[in-house]
Amino acid sequence: MLSLNLPTYNVKISQKDGKKYIFDELRRKFVNLSPEEWVRQHFVHFLVEHKGYPKNLMGNEICLKVNGMSRRCDTVLYHRNLIPQMIIEYKAPEIAVNQKVFSQISTYNMVLKVDYLIVSNGIDHYICKMDYTNQSYTFLKDIPNYNELISL
């Protein structure tokens, strides 16, 4: 798989019937290894091992209803009170992070109303902090450590 702009780790990959699978630490099972999944697993590892995000407050493939249609958030980080705090959307490395991607995550946020949005294709990563009072958002320079995140 492609080298990413994320720390490497000891990836667990298996193969069955000619298909490759990668172990998802959050779902605790092997899942189909697609380029987007490669990004997701590296990004989750980065957040947990390098930024101190609690694995037990994160979930992958979180279902929600948007305008009556079922959708899935790639990853959601929850507050300790289990209210969603952050949505993370992943794309394959060859997919540019553009307005269409931000529109997708913004649609999810109309339902969840989180404090932070992250978009990553494994090469480029963007994070913004929502300001609902002023109906705006601010891009942050870097993804904060979890302890910084809860104090922002």
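Checked across region 62-72, the condition of being under 9 Å from the mean Cα position of the chain (by Cα) and either among the aromatic types (Phe, Trp, Tyr) or assigned to a strand (DSSP E or B) (or both) holds for no residue. Here are ASN67, ASN5, ASN56, ASN32: which of them is among the polar types (S, T, N, Q) and surrounded by 12 or more Cβ atoms within 10 Å (Cβ to Cβ)? Among ASN67, ASN5, ASN56, ASN32, only ASN5 is among the polar types (S, T, N, Q) and surrounded by 12 or more Cβ atoms within 10 Å (Cβ to Cβ). Just to verify a result, which residue in region 35-53, among those that are under 18 Å from GLU94 (Cβ atoms) and surrounded by fewer than 20 Cβ atoms within 10 Å (Cβ to Cβ), is farthest from the chain's Cα centre (by Cα)? Among them, the one singled out is PRO35.
Counting the residues of region 121-141 that are hydroxyl-bearing (Ser, Thr, Tyr) and either surrounded by 12 or more Cβ atoms within 10 Å (Cβ to Cβ) or in a strand (DSSP E or B) (or both) gives 4. For region 8-29, filtered to residues that are assigned to a loop (DSSP other than H, G, I, E, B) and among the aliphatic types (A, V, I, L, M), the residue that is surrounded by the most Cβ atoms within 10 Å (Cβ to Cβ) is LEU26.
Could you give me the residue pairs with C-beta distances under 7 Å whose first residue belongs to region 136-152 and is without any contact (Cβ under 8 Å) to a residue 60 or more places away in the chain, whose second residue is loosely packed, with under 14 Cβ neighbours inside 10 Å and not in a loop (DSSP other than H, G, I, E, B) wherever it lies, and which are 6+ apart or on separate chains? Matching pairs, first to second residue: TYR137/ASP131; THR138/ASP131. Tell me yes or no: at least one residue of region 48-60 is touching a residue at least 12 places away in the same chain (Cβ under 8 Å), under 27 Å from GLU148 (Cβ atoms), in a helix (DSSP H, G or I) and of a type in the set (Lys, Arg). There is at least one residue in region 48-60 that is touching a residue at least 12 places away in the same chain (Cβ under 8 Å), under 27 Å from GLU148 (Cβ atoms), in a helix (DSSP H, G or I) and of a type in the set (Lys, Arg).
Residues in region 84-107 that are touching a helix residue (DSSP H, G or I) at 6+ places or on another chain (Cβ under 9 Å), farther than 18 Å from HIS45 by Cβ and assigned to a loop (DSSP other than H, G, I, E, B): GLU94, ILE95.
Here the condition is being within 25 Å of PRO7 (Cα to Cα), free of Cβ contacts under 8 Å to residues at least 60 places away in the same chain, among the β-branched types (Val, Ile, Thr) and out of contact with any Phe, Trp or Tyr (no Cβ under 8 Å at 6 or more places or on another chain); of ILE83, ILE123, ILE87, ILE95, it holds for ILE95 alone.
Values in this text are rule-based calculations from the coordinates and carry no lab data. It should be emphasised that the depicted structure is a prediction, and the values quoted were computed from it without experimental measurement. For neighbour counting, all protein chains shown are included, and Cβ atoms are generated from backbone atoms with ideal geometry for every residue, glycine included.
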